[in-house]
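Visitor: Here it is: the structure, laid out below.
The values are calculated or read from the model by the stated rules, or taken from the named source; none is laboratory data. Owing to the predicted nature of the structure, the values given are computational and were not obtained by experimental measurement. Neighbour counts are summed over all protein chains in view; Cβ atoms, including those assigned to glycine, are modelled from backbone coordinates with ideal geometry.
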Amino acid sequence: MRKLTYFIACSIDGFIGDESGDASFMYPFVDEEFFEFLKAEYPETMGTGGRRALGIDDLENQKYDTVVQGRGSYDVALKEGITSPYAHLREYVASRTLKESPDPHVEIVADDVVGRVRELKAEEGEFGIYLCGGSKLAGELLDEIDELVVKTYPIVLGTGMPMFGSGFAVAEFGLDEVRLFKNGVFVRTYSRKR
């Protein structure tokens, strides 16, 4: 069984972006030390265009071979004219409004995203599935998430888009690891308690 990992950046108070989902104010925290960590541990979570621009497109996947993201997250790339933001992974976009994929490499999941994710998790393979976001999709998939990797940036937003856009639900996870960086960012890894 493959793991579904929600790998997400958030503020101290648990928001992944402003009300519209914009998280660009977190980018300045990706300094050299933190970038080297991401490059070594989670290179597949960097978009293909960014990897190419940085000359690291040849990095091998460490943990994931598949990405699942919501329409809002995908729209960030589409607005830049990028139809396959994670071309180095198998790409799935959960959307009830996007009727046709703008790219042959991207599969649109219009109905039963939970069922599709269960199918992906049941596949054979050594790599897991990267849940890129966003909030509503993470809320919908909460019961399927096996691992959380939460990159917490040293800022407080007060309001915004929560990590999980769902109703009240208690899901227990155990803390596996905490990494602290000089820029104030810390990364926590949790495994679901089942």
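Visitor: Contact list please: Cβ distance under 7 Å, first residue in segment 30-57 and more than 13 Å from PHE7 (Cα to Cα) and touching a residue at least 60 places away in the same chain (Cβ under 8 Å), second residue among the aliphatic types (A, V, I, L, M) and surrounded by 12 or more Cβ atoms within 10 Å (Cβ to Cβ), pairs at least six apart or on different chains.
Guide: Taking only residues 6 or more apart or on different chains, the pairs are PHE34/VAL185.
Visitor: Moving on to the next point. Please indicate, with yes or no, whether at least one residue in segment 22-29 is in contact with a strand residue (DSSP E or B) (Cβ under 9 Å, 6 or more places away or on another chain) and either modelled with pLDDT of 95 or more or among the hydroxyl-bearing types (Ser, Thr, Tyr) (or both).
Guide: Yes, segment 22-29 contains a residue that is in contact with a strand residue (DSSP E or B) (Cβ under 9 Å, 6 or more places away or on another chain) and either modelled with pLDDT of 95 or more or among the hydroxyl-bearing types (Ser, Thr, Tyr) (or both).
Visitor: If I filter segment 58-79 for residues that are at pLDDT below 95 and within 20 Å of MET1 (Cα to Cα), do I get at least one hit?
Guide: Yes: one or more hits.
Visitor: Does SER166 meet the test of being of a type outside the set (Phe, Trp, Tyr), touching a Pro at 6+ places or on another chain (Cβ under 9 Å) and at pLDDT below 95?
Guide: Spelling it out, it is not the case that SER166 is of a type outside the set (Phe, Trp, Tyr), touching a Pro at 6+ places or on another chain (Cβ under 9 Å) and at pLDDT below 95.
Visitor: Among the numbered criteria (1) in a helix (DSSP H, G or I); (2) closer than 23 Å to VAL185 by Cβ, which one does PRO85 miss?
Guide: (1)
Visitor: Something else: For segment 88-109, indicate whether the set of residues that are among the aliphatic types (A, V, I, L, M), over 28 Å from ARG179 (Cα atoms), over 14 Å from the mean Cα position of the chain (by Cα) and at pLDDT below 95 is non-empty.
Guide: yes
Visitor: Shifting gears a bit: Against the conditions (1) touching a residue at least 60 places away in the same chain (Cβ under 8 Å); (2) surrounded by 14 or more Cβ atoms within 10 Å (Cβ to Cβ); (3) of a type in the set (A, V, I, L, M), where does ALA23 fall short? Just the number, please.
Guide: (1) is the only condition that ALA23 fails.
Visitor: Exactly one condition in (1) in contact with a helix residue (DSSP H, G or I) (Cβ under 9 Å, 6 or more places away or on another chain); (2) among the hydrophobic types (A, V, I, L, M, F, W, C); (3) surrounded by 16 or more Cβ atoms within 10 Å (Cβ to Cβ) is not met by VAL76; state its number.
Guide: Among (1) in contact with a helix residue (DSSP H, G or I) (Cβ under 9 Å, 6 or more places away or on another chain); (2) among the hydrophobic types (A, V, I, L, M, F, W, C); (3) surrounded by 16 or more Cβ atoms within 10 Å (Cβ to Cβ), VAL76 violates only (1).
Visitor: Are any of the residues in segment 174-192 on the phi > 0 side of the Ramachandran plot, touching a residue at least 24 places away in the same chain (Cβ under 8 Å) and outside any loop (DSSP other than H, G, I, E, B)?
Guide: Among the residues of segment 174-192, not one is on the phi > 0 side of the Ramachandran plot, touching a residue at least 24 places away in the same chain (Cβ under 8 Å) and outside any loop (DSSP other than H, G, I, E, B), which makes the answer no.
Visitor: Kindly list the number of the only condition in (1) in contact with a Pro (Cβ under 7 Å, 6 or more places away or on another chain); (2) part of a helix (DSSP H, G or I) that fails for GLY115.
Guide: (1)
Visitor: Here is a list: GLY165, GLY158. Which entry is surrounded by fewer than 20 Cβ atoms within 10 Å (Cβ to Cβ), within 20 Å of the chain's Cα centre (by Cα) and in a loop (DSSP other than H, G, I, E, B)?
Guide: GLY165
Visitor: Let me ask something else about it. So how many residues does segment 88-108 have that are under 22 Å from GLU60 (Cα atoms) and either in a strand (DSSP E or B) or not aliphatic (A, V, I, L, M) (or both)?
Guide: 6
Visitor: Suppose we filter segment 141-159 for residues that are closer than 30 Å to ARG118 by Cβ and touching a residue at least 40 places away in the same chain (Cβ under 8 Å); how many remain?
Guide: Matching residues across segment 141-159 total 10.
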